[in-house]
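K.L.:
Next up is a structure, given as structure tokens.
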Amino acid sequence: MGRKLLFVNFTFAAAVIGMSVAAVAGSGAGITIAAGWTYNVFAEDLPKVDNIAVRADGSIYVTLELKRGHGSVVRLSGGRRTVTAEGFNKPDGLALSGSHLFVSEEAKGGRIIRIDLSNDRKTEVA
């Protein structure tokens, strides 16, 4: 069974899911969830999901921390998966503000990159 990105229908649960995806990913085991909670699978086969941000339009952005610290940002919307930006060194933070997505890097000397979601243009801001 492939890896799954879950999203719980509780407003601030995205951060919790971001930390627990690795435990569920690729295990093939059943998912146990507390009474009163539900979940939906939004995407499968996403390696190394590290952060999640949800835009008002329902788009979900995730960072993928790939081999040797390389990383990318992927947009999930309407059943499609689109790479929004790549070339990150251990992406470790993700935040939305208006039409901008901010990505921070964990690596020594890491940067903060602003992505303009209207054109996917990247700008280093720190």
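K.L.:
Out of the residues in region 74-83 that are modelled with pLDDT of 90 or more and surrounded by fewer than 18 Cβ atoms within 10 Å (Cβ to Cβ), state the one that is nearest to residue 50 (Cα to Cα).
P.N.:
Ranking the candidates gives 83 first.
K.L.:
Which strands (runs of 3 or more DSSP E) does region 52-126 wholly contain that include 2 or more residues that are touching a strand residue (DSSP E or B) at 6+ places or on another chain (Cβ under 8 Å) and basic (Lys, Arg)? Full working, then the answer.
P.N.:
Details: elements: 60-65, 70-77, 80-89, 91-97, 100-105, 112-116, 121-124.
Passing ranges, in order: 121-124.
K.L.:
Only residues that are among the acidic types (Asp, Glu), modelled with pLDDT under 90 and surrounded by fewer than 17 Cβ atoms within 10 Å (Cβ to Cβ): list them for region 84-119, please.
P.N.:
If the condition is that a residue be among the acidic types (Asp, Glu), modelled with pLDDT under 90 and surrounded by fewer than 17 Cβ atoms within 10 Å (Cβ to Cβ), then 106 is the only one that fits.
The values are calculated or read from the model by the stated rules, or taken from the named source; none is laboratory data. Remember, predicted model here, so these are calculated numbers, not experimental data. Glycine also receives a Cβ, built like all others from the backbone with ideal geometry; neighbour counts cover every protein chain displayed.
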